[in-house]
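Working notes, beginning with the structure itself.
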Amino acid sequence: MEISLALQEAESVPTLDGVPTGRRLEQPSRATTPAEQLAVERAQQGDERAFAELVDRYGQPILSICYASTLDPAEAEDLAQEVFLAAWRGLRGFRGESAFSTWLFALARNRCVDRVRRASVRPRLAVEDHSEGHAAEDADASTRRTALAILAAAASLSLPLRQALLLRDVQGLGYEEIAELQEVPIGTVRSRIAAARAAVAEKADR
Amino acid sequence: MSDHVTDEQLSLLIDGELSLTARAAITSHLNTCPSCAERHDALVGVAVSLRLTGPARWRPAFTAGVLERLAPRRRIDVALPISASFAIAAVALAAFHLTVVTAGLAFAGSMFEGLGQFVPSVVSARPAGTLASLVTIALFGPLLSLRLARWR
C-alpha cells in the first residue's frame, strides 16, 4: 500500500489527547518592518531603548531555541541574555545584508552550540521555575516523572534534532517557524522532528 | 514503496500537517496494522509528555535584565532639575563638612584643654567651622550638582 503525502496548511488548533497541538507562544511576524529597521539603526547608534524594542520582539523565539538546546529554564534565560548582549556588541557590524532576525537567529544558534559543547545537558522541567498557568501545574508526580524521563531521552539527541523536537513539542512552534530558526528547509524540519520522536520513543521504551 | 507508514508520516499526522485525503488513508491503515498503530501511539506519547512539561516563556523582566547588563553604571536614573540637585548637594556637603569640622575642633579643644587661653574653645570655634562649610559649598556644590543633573 502506498500512502501519498499531501501537505496542507496547519489546521486551527487540533488537539492531541486533549492537549492542543497548535498551542503557540506569541511569535512575531519575522518580516522586517520599517519600524524594526528604524529600531535596528537607532540601536546601532547606541540607543538602548531601541535595542529594548528588539529584545521585546525577539525575546521569546531566542529563549525558545535556548531552552530547546539546554533543556534547563534558568540556563536558557542566562543564555538568551548572553545572545542579546552579543547582539548589542556586534550590532555595529550588522550591515543589513540579511534580515535582522536571520542575523540574530544565527548568533543564537552559534551560542547554543558553544554552550552545549562546554556543558552537559541536564534537563529540568520548565514548570519547576515558571509555575504560572500551564498544563503541567496540575500534572501528578507520575506524569512529571514520565515527562522528565522523556526530556532526559531528548537530551541525548544531537543538537539539531533536539532543537527541532523541543521547539515543536515544548515551545509549540510551527514547522515554518522552526525552519526559520534553524535556517533549514521545511522538509528537513519534518524529517528531524519525526526522527527525534522515534528515537526518544525507542529510548523511553527501554 | 512501503507496506507501512513512515515515522515522518505519523509525525505529520500527529501535528495536523496532512491533507484530509492523506490523513484518511493513514488513519485507515492504522486501523488495520497493529505494528504501525503501536509506533503511532509511541510517538503520540512522546509528543504529549513533552507538551506537558510547559514552555519557557520570555518575561518583560528579562528585557530589563538584558539592559542592566549592557552598561550597569548608566542605568542609575537620576532625573532631577538642576535646582533640586544643587540643594541636595549643598545639604549633603554642609552636613558632612560641619560634622568633620566640629569633631575636629572638639578633638583639638580636648587635646589642648590645659592651654586654655591659647586655644579657642569648641563653642567659640563653631562659627569658623560654619564659614568654612559655606566656602566649601560655594566651591564644590555647583560641580557636584551638575554631575548629578547629567546622570540621567
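A compact table of results
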quantity	calculated
Qualifying positions in segment A:78-125 - over 22 Å from B:G65 (Cβ atoms), polar (S, T, N, Q) and touching a residue at least 24 places away in the same chain (Cβ under 8 Å)	A:T102
Subset tally (residues that are within 7 Å of another protein chain (Cβ to nearest Cβ) and touching a Cys at 6+ places or on another chain (Cβ under 6 Å)) for segment B:1-28	1
Verdict on B:G45 being surrounded by 14 or more Cβ atoms within 10 Å (Cβ to Cβ) and either modelled with pLDDT under 80 or within 14 Å of chain A (Cβ to nearest Cβ) (or both)	yes
Within segment A:166-200, tally of residues that are of a type outside the set (D, E, K, R), in a helix (DSSP H, G or I), within 7 Å of another protein chain (Cβ to nearest Cβ) and in contact with a Lys or Arg (Cβ under 8 Å, 6 or more places away or on another chain)	3
Residue selected from segment B:2-42 under the condition among the β-branched types (V, I, T) and over 24 Å from A:L166 (Cα atoms), by the criterion surrounded by the fewest Cβ atoms within 10 Å (Cβ to Cβ)	B:T32
Subset of segment A:62-82 (residues that are among the hydrophobic types (A, V, I, L, M, F, W, C) and touching a Cys at 6+ places or on another chain (Cβ under 7 Å))	A:I65, A:C66, A:A76, A:L79, A:A80
Every pair of residues 6+ apart whose Cβ atoms lie under 8 Å, when the first sits in segment B:61-77 and is more than 7 Å from every other protein chain (Cβ to nearest Cβ) and within 14 Å of A:W88 (Cα to Cα) while the second is at pLDDT 55 or above and in a helix (DSSP H, G or I)	B:A71/A:E48
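The values are calculated or read from the model by the stated rules, or taken from the named source; none is laboratory data. None of these values were measured; they are calculated from a predicted model. Note that we place each Cβ from the backbone using ideal geometry, even for glycine, and neighbour counts take in every protein chain shown.
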